[in-house]
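The values are calculated or read from the model by the stated rules, or taken from the named source; none is laboratory data. The structure presented is a predicted model; accordingly, all values stated were derived computationally and were not measured. A quick note on method: Cβ atoms are made from the backbone with ideal geometry, for glycine too, and the neighbour counts reach across all protein chains shown. Side chains included, ligands, DNA and RNA excluded: accessible areas come from the protein's heavy atoms. Shrake-Rupley method; radii C 1.70, N 1.55, O 1.52, S 1.80 Å.
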Amino acid sequence: MGFRSGVQRAPIIGLGCGGALPSLQRACDFAQSRPGQVALVLTVEICSACYYRDDTLETVVGNAICADGAAATLLIGGVPPDPPFPQIVDFESFVDPEHLDKVGFEHREGKLRIVLGSEVRHLAPGLMESALQPLLARNGLSQSDIRFWVVHPGGRRVIDSVQKHLRLSDSALEFSNSVLRNYGNMSSATVMFVLDEIVRSGRPRSGDWGVMTALGPGMAAEAALIQW
């Protein structure tokens, strides 16, 4: 890759579909403490390595919606981003270990098999709201102030459940739906694809607020507040 010999590395694994946001947070911590320094966040997911065959609906759904993907993001502390890229303002996490067994992986016959409980679509809205509420309140915002919803599309039913619970319009989730339709669920990289779609074709304006959200093992809801 041609990195210099003094590059600082921080591998973050095991956070599944929610992994991009904690990774961004660690990169922000680095960039903010070292103004002018550059941090690179790279999310790479090879979901096909976990392709497993059995007769359960859980496995069928996992194989059907999951895909391989990668995304990269550059962050620089103390330097305003060039349009149309946003700046990262704040983060929030909510972890509920009561549902630890609903999402993840297990080993069977020497292979990885995805665990994707049907309860996830019912749990997702409440978990997401538990991360969103303190994030917005801490920054003096309400849900109506958010123009762009950068939501990880874990699956069709998950998106529908979140949309109904948060009372979001179809247009609010058009970019999430587009990414799911065109690329599938690429685990942690997916939410970055959604943000890229918004940057490219959402026509964000200066001052617009956005929220990035994703769910992962734990179960955990991750959220980030961004502004253009």
> log₁₀ I(q)/I(0) of segment 13-140 at q = 0.12, 0.17, 0.20 Å⁻¹, via Debye over equal Cα point scatterers, no solvent, to two decimals?
Replying inline: -0.63, -1.06, -1.23
> Which whole-number value in Å² is the accessible area per residue of segment 1-94, probe 1.4 Å?
Replying inline: 66
> Name the residues of segment 41-56 whose amide N is less than 11 Å from a point 7 angstrom out from the Cα of K111 along the C-beta direction?
Replying inline: 49-55
> In percent, what relative contact order does segment 1-134 have, based on Cα pairs under 8 Å that are 6 or more apart in sequence?
Replying inline: 23
>> Only sites in a loop by DSSP and with at most 13 other Cβ atoms within 10 Å count here; which chymotrypsin sites (Phe, Trp or Tyr not before Pro) in segment 1-67 make the cut?
In response: F3
>> Taking 35 Å as R0, compute the FRET efficiency from the Cβ-Cβ separation of R181 and D29 and round it to 0.05.
In response: 0.55
>> For segment 121-228, what does the accessible surface come to per residue with a 1.4 Å probe? Please give it in Å².
In response: 42
> Label M1 and I46 with points 7 Å out from Cα along Cα→Cβ: what is the distance between them in nm?
Replying inline: 1.5
> Computed over the Cα atoms of the chain, what is the ratio Rg over Rh, Rh following Kirkwood?
Replying inline: 0.96
>> Report the Cα-based extents of segment 130-186 along its three principal axes, largest first, to the nearest Å.
In response: 35, 20, 18
>> If you roll a 1.4 angstrom probe over the protein chains with everything in place, what fraction of the accessible area of the chain belongs to carbon and sulfur, to the nearest %?
In response: 52
> Kirkwood Rh over Cα pairs of segment 1-74 into Stokes-Einstein at 10 °C, 1.306 mPa s: D in µm²/s?
Replying inline: 108
> Tally Lys/Arg at +1 and Asp/Glu at -1 over every other residue whose Cβ is under 13 Å from the Cβ of M219; what's the total?
Replying inline: -3
>> Test of understanding: given the chain, find the longest segment containing no trypsin sites (Lys or Arg not before Pro) that are in a DSSP loop and have at most 12 other Cβ atoms within 10 Å.
In response: 54-166
> What's the FRET efficiency of I12 with S171 using the Cβ-Cβ distance as r and R₀ = 30 Å, to the nearest 0.05?
Replying inline: 0.35
>> If N is the number of residues in segment 118-228, what value comes out of its Cα radius of gyration divided by 2.2 N^0.38 Å?
In response: 0.98
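Using Cα-Cα distances under 8 Å and only pairs 6 or more residues apart, what relative contact order does the chain have, in percent?
For the chain, the relative contact order is 31 percent.
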